[in-house]
1. For the stretch 267-319, give me each residue that is open to solvent by 50 Å² or more (accessible area, probe 1.4 Å) and of a type in the set (Lys, Arg).
2. Taking the conditions exactly as written (touching a residue at least 60 places away in the same chain (Cβ under 8 Å), touching a strand residue (DSSP E or B) at 6+ places or on another chain (Cβ under 9 Å), surrounded by 15 or more Cβ atoms within 10 Å (Cβ to Cβ) and in a strand (DSSP E or B)), does Lys107 satisfy them or not?
3. Starting from the stretch 268-283, keep only residues that are under 20 Å from Ile294 (Cβ atoms), then list their pairs with residues that are open to solvent by 50 Å² or more (accessible area, probe 1.4 Å) and in a loop (DSSP other than H, G, I, E, B) whose Cβ atoms are within a distance under 7 Å, requiring at least 6 positions of separation or different chains.
4. Only residues that are open to solvent by less than 70 Å² (accessible area, probe 1.4 Å) and either over 19 Å from Pro194 (Cα atoms) or in contact (Cβ under 8 Å) with a residue 40 or more places away in the chain (or both): list them for the stretch 143-157, please.
5. Looking only at the stretch 160-185, which residues are farther than 14 Å from Lys144 by Cα and either touching a residue at least 40 places away in the same chain (Cβ under 8 Å) or in contact with a strand residue (DSSP E or B) (Cβ under 7 Å, 6 or more places away or on another chain) (or both)?
6. Residues to consider are Ile102, Ile98, Ile62; find the one that is within 24 Å of Asn261 (Cα to Cα), among the hydrophobic types (A, V, I, L, M, F, W, C), free of Cβ contacts under 8 Å to residues at least 60 places away in the same chain and surrounded by 15 or more Cβ atoms within 10 Å (Cβ to Cβ).
7. Taking into account only those residues within the stretch 158-213 that are polar (S, T, N, Q) and part of a loop (DSSP other than H, G, I, E, B), which is surrounded by the most Cβ atoms within 10 Å (Cβ to Cβ)?
Amino acid sequence: MKHFIILFSLLGLIACKQENKEKVTLEDTLEKINIMQNPDINNQNFVSKLTKNVKHYPKEPIYYMRLGKSNCVIEVLVNDLPIHEDYELSNVATPIRINRGILKSGKQKLTYRLYPTGDLMKESYGDDYDTVTTLTDLTSVNIKIIQMDNKGEKKLKDEVVVMQHKSLNDENGNFIASGKPYYEYTFEFEAEVPYELEGWTKGQDLTKLDQELLEKKALEFHNVYQKIYKNQDADALAKSNFGLESIISQVYYKSETENTNLWDEYLTFLKIKNKKFKEINDYKSNFYGDGKIIALKQKSLEYPYRGLGVFFFEYLDNETVESYYSLSIYLYLPKGKNLEDGLYMIE
């Protein structure tokens, strides 16, 4: 027994030394890939600094999307920023907030992308159903853009309908892209918001840069972001996400309570033990924001990977239930910065 205690203590000392060495290495690497662009932010002041940055107005309009779909799965982007992805047969009943893609007043673009349902019918109702590889005559999409005041009660009676859209049919009443494996459509709507933000629009066109180097820098960012979670480094997490969450907090006029809940959720996943990270080796580079944003996405169309970012780990929830956590990390390169020096998380 004495031998065991001594051995355990020695292992503990070795582990501490290794951890300190890793922490120094991590901090150096974080600086190198621009994750530490908010050096004054830490675990303790993240919420207060975030809340202090939010400006409030007499009216605080929030725009929502009510979405209905049939015989398809869908991806929705606002101003070429992913807002909603639904790869299930069922529909979301509650309205979906879309201010994240609205940086200033004026015309906004909403794009939806439709894909076939694949094996969803078979998985839900049995082998009598075939795999669906194309959109069908009965494929349809209905989108209603509504606006409500964040300071109001936000009940059904408070909704102001901005516009409604229904997918197009041909002269026979069939979906216009029936028989095709993919369909994309874009329409515009007007939005009036009290803020004006630059966000990712101040970035460079990544499609015109060295693609091999771009992918290398995107991978570097993801690998170091994994280290933040592996080391459970709350200060580094706060620094890396402050710019992004500042924008999101503003467009939704978030309160201190909302920001506290947000940070608590971040910390919950950060502190999970025994994370099993999925190796980043089967991915595709997707461009958004009119070429100014890059995200590394899973190639797989299988559940649960479809549409998810390559930052992905599995864990046991309550030590019994197999669960997973994933993030889509959207990166850009601000004007005046060099790609050789690394990418930045979008703001």
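The values are calculated or read from the model by the stated rules, or taken from the named source; none is laboratory data. Note that the structure is predicted; figures quoted are calculated from it, not measured. Please note: Cβ atoms are built from the backbone with ideal geometry, for glycine as well, and neighbour counts cover all protein chains shown. For accessibility, only protein heavy atoms count, side chains too; no ligands or nucleic acids. Shrake-Rupley method; radii C 1.70, N 1.55, O 1.52, S 1.80 Å.
1. Applying the first criterion (open to solvent by 50 Å² or more (accessible area, probe 1.4 Å)) to the stretch 267-319 yields 268, 271, 273-274, 276, 278-279, 281-282, 284, 287, 290, 292, 299, 301-303, 305-306, 314, 316-319.
Within the stretch 267-319, Lys271, Lys273, Lys276, Lys278, Lys284, Lys292, Lys299, Arg306 qualify.
2. Values: touching a residue at least 60 places away in the same chain (Cβ under 8 Å): yes; touching a strand residue (DSSP E or B) at 6+ places or on another chain (Cβ under 9 Å): yes; surrounded by 15 or more Cβ atoms within 10 Å (Cβ to Cβ): no; in a strand (DSSP E or B): yes.
For Lys107, the condition - touching a residue at least 60 places away in the same chain (Cβ under 8 Å), touching a strand residue (DSSP E or B) at 6+ places or on another chain (Cβ under 9 Å), surrounded by 15 or more Cβ atoms within 10 Å (Cβ to Cβ) and in a strand (DSSP E or B) - is not met.
3. Asp282/Lys299; Tyr283/Lys299
4. Keep residues of the stretch 143-157 that are open to solvent by less than 70 Å² (accessible area, probe 1.4 Å), which gives 143-150, 152.
Answer for the stretch 143-157, where residues must be open to solvent by less than 70 Å² (accessible area, probe 1.4 Å) and either over 19 Å from Pro194 (Cα atoms) or in contact (Cβ under 8 Å) with a residue 40 or more places away in the chain (or both): Ile143, Lys144, Ile145, Ile146, Gln147, Met148, Asp149, Asn150.
5. Answer for the stretch 160-185, where residues must be farther than 14 Å from Lys144 by Cα and either touching a residue at least 40 places away in the same chain (Cβ under 8 Å) or in contact with a strand residue (DSSP E or B) (Cβ under 7 Å, 6 or more places away or on another chain) (or both): Asn169, Phe175, Ile176, Ala177, Ser178, Gly179, Lys180, Pro181, Tyr182, Tyr183, Glu184, Tyr185.
6. Working: Ile102 fails: free of Cβ contacts under 8 Å to residues at least 60 places away in the same chain; Ile62 fails: free of Cβ contacts under 8 Å to residues at least 60 places away in the same chain.
Unique residue meeting the criteria: Ile98.
7. Applying the first criterion (polar (S, T, N, Q)) to the stretch 158-213 yields 164, 167, 169, 172, 174, 178, 186, 201, 204, 207, 211.
Remaining after also requiring part of a loop (DSSP other than H, G, I, E, B): 167, 172, 174, 178, 204.
On the way: Ser167: 20, Asn172: 7, Asn174: 14, Ser178: 17, Gln204: 17.
If we take residues in the stretch 158-213 being polar (S, T, N, Q) and part of a loop (DSSP other than H, G, I, E, B), then Ser167 is surrounded by the most Cβ atoms within 10 Å (Cβ to Cβ).
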